[in-house]
Amino acid sequence: MNDKKKVIENSILYTISTVLVKGIGFILLPIYTLFISPEQYGVINLATNFINVAIFIVGFSLYAAVLRFYIDYRDEPNKLRKFYGTLIIFILFSGVGFLVISLIFRNWLTTILFKGVPFFPIVLITIITVIFTSFHTIHQNIFRSMQRGKTLTKINLTVFSLQVTLNIIFISIFRLGAFGVVISTLMVEIGYTVFMLYSLKKNNLVIYTFDKKILKDALSYSIPLIPHNLSTYIATFASKIFINNNSTLAAVGLYSVATQFSGVIDLIQNSVNQAFMPWFFESMKLDCAQRRNDILNFTKFLLIIYSILYMIIGLFSQDILQVITTSSYSDAWLVTPILVMAYSLKSIYYFYINLMFYYKEASRKIFIATIIGSISNIIIALLLIPYLGMFGAAISFLIAKIITVAIVVVLSKKYNDIGYSIISMLKIIAPSLLFMGVGLYFSYTKYISTFNLMNLFYKLGVLIAYLIFVYCVNRKMINKVIKSKKIQQIFKRKKNILDR
């Protein structure tokens, strides 16, 4: 039970810190929308999405190899240190090469990817930021693989504080707009890289060498994962490019607000999965029937928690956005429920993809699902966005997620799926989406652009009804969890987690 307790603790820690750091755009929405126009917000999100895509290209998805190969090398400290050192040196050369290529093709970048955005200085700063963010991601995954949740949380809270402070100063005091956000991001990432070098040396975690054998093994694992890791990011980036090319940067800004808000779901799911994955790998390695039964029960528990999250985000996105943003951003909520549906399906994807990550042979096949899903997303978005605008982008994202999940489930059946059932998972998720649809009836029919108190109370009633439904259906499991002494101890200790 101790390892399960550690997973839950790390899940809480990763969720808090990851949502804060990666959710800065959402957390600062009230400030962004007060001081920045939708056009400038569109520029910020094009830059952010470019970074999200480019780090997997620069890093060749070696971040995933950090998590997987830690299990293999942890009993060989010197080999593990050489592994980390080799990855860092490789990413440095890869990043410099990426910068040179970007400078050569800068006209293409500003014509296709960053229409209406000047290369000097915004696009150039964004490209340089990619290099330092790649180091940041490597370091974060080193700590995740070691399950150092408390240390990682303290680091992320510090990064969050610096980023927020700089953003607020540059946006509200100096009124630098999009330039202020991209330059503050670069400053923070440079500072983090300096800290990474110090941290690795202090903890004796790295030997700076270039071991071709280690690199070859790592790349053979990570390169097939590039399409997988790029899937969501490149599809979202492509949709915003199409919106920008067919409409305006302001339209990109509105859709970005919707993706920021709904993306909170994926931030939480992803952060929980970062804690769940190492425990999952260890449980699979033990090949114990009880451990695998624990995996199934824990999966069901997480899906129930996620379903409540879908309800909250989907139901109240309209009310929250209308309160925290200015009127020019108020219609961004309209596509949020569609994106919530897509992220609800992605929760299934996370569990099945962990299974495929575990089997190295299977990990090399993940690209099949992600390539097909990404291409579907891009093609459908290309067809729908000229006619439906941001609704076309949201619908294409949803369809792509359905396709990707279906393929991953089929591929996983060739391996030991430990009893996962897509039908059982959908039985947990589907009711939350049905309740959400009922709760949004008046929002879409009568109160599209206005805040209405009675409509808010109606949604609260629907949420309460759903919570009662969830409790009645899962009463035995919920009571077991609540009465668990281990769980009670975790929550009693929760207040002191960060201090320890």
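The values are calculated or read from the model by the stated rules, or taken from the named source; none is laboratory data. None of these values were measured; they are calculated from a predicted model. Heads up, the Cβs are rebuilt from the backbone with ideal geometry, glycines too, and the neighbour counts pull from every protein chain shown.
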### Summary
When the range 203-250 is checked residue by residue, the ones that are aliphatic (A, V, I, L, M), in contact with a Gly (Cβ under 8 Å, 6 or more places away or on another chain) and surrounded by fewer than 19 Cβ atoms within 10 Å (Cβ to Cβ) are 207, 250
### Task
Of the conditions (1) at pLDDT 95 or above; (2) assigned to a helix (DSSP H, G or I), residue 208 clears all except one; give me its number.
(2)
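Give the residue, chosen from 73, 63, that is at pLDDT 85 or above and buried (at least 21 other Cβ atoms within 10 Å of the Cβ).
Values: 73 fails: buried (at least 21 other Cβ atoms within 10 Å of the Cβ).
Going through 73, 63 in turn, the sole match is 63.
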### Message
Restricting to the range 418-446, give me the number of residues that are in a loop (DSSP other than H, G, I, E, B) and touching a residue at least 60 places away in the same chain (Cβ under 8 Å).
### Response
4
### Query
Would the range 145-157 turn up any residue that is without any contact (Cβ under 8 Å) to a residue 40 or more places away in the chain, under 22 Å from residue 69 (Cβ atoms), loosely packed, with under 15 Cβ neighbours inside 10 Å and touching a helix residue (DSSP H, G or I) at 6+ places or on another chain (Cβ under 9 Å)?
yes
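Does the range 86-107 contain any residue that is charged (D, E, K, R) and within 22 Å of residue 274 (Cα to Cα)?
The initial filter retains those residues of the range 86-107 that are charged (D, E, K, R), namely 106.
Adding the requirement that they be within 22 Å of residue 274 (Cα to Cα) leaves none.
The answer is no; no qualifying residue exists.
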### Query
over 20 Å from residue 264 (Cβ atoms), of a type outside the set (Val, Ile, Thr) and free of Cβ contacts under 8 Å to residues at least 12 places away in the same chain: does that describe residue 384?
no
#### Entry: Criterion violated by residue 124 - all others in (1) free of Cβ contacts under 8 Å to residues at least 40 places away in the same chain; (2) over 29 Å from residue 250 (Cα atoms) satisfied
(2)
### Task
Could you please tell me which pairs satisfy a Cβ distance under 7 Å, a separation of 6+ or placement on different chains, a first residue in the range 92-105 that is at pLDDT 95 or above, and a second residue that is among the hydroxyl-bearing types (Ser, Thr, Tyr)?
95/134
### Query
residue 448 is checked against (1) exposed (fewer than 15 other Cβ atoms within 10 Å of the Cβ); (2) modelled with pLDDT of 95 or more; (3) closer than 28 Å to residue 246 by Cα and fails just one. What number does that condition carry?
(2)
### Query
Do you know which residues across the range 82-122 are over 25 Å from residue 181 (Cβ atoms) and within 28 Å of the chain's Cα centre (by Cα)?
83, 84, 85, 86, 87, 88, 89, 90, 92, 93, 94, 97
### Query
Only one of (1) over 28 Å from residue 217 (Cα atoms); (2) touching a residue at least 60 places away in the same chain (Cβ under 8 Å); (3) of a type outside the set (Phe, Trp, Tyr) is not met by residue 320, so which one is it?
(2)
### Query
Can you name the number of the only condition in (1) closer than 30 Å to residue 31 by Cβ; (2) touching a residue at least 24 places away in the same chain (Cβ under 8 Å); (3) of a type outside the set (A, V, I, L, M, F, W, C) that residue 415 fails?
(1)
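Condition first: free of Cβ contacts under 8 Å to residues at least 60 places away in the same chain, outside any helix (DSSP H, G or I) and closer than 25 Å to residue 251 by Cβ. Can you find one or more residues in the range 170-177 that meet it?
Keep residues of the range 170-177 that are free of Cβ contacts under 8 Å to residues at least 60 places away in the same chain, which gives 170, 173-174, 176.
Restricting the remaining residues to those that are outside any helix (DSSP H, G or I) gives 174, 176.
So of that shortlist, the ones also closer than 25 Å to residue 251 by Cβ come out as 176.
Yes.
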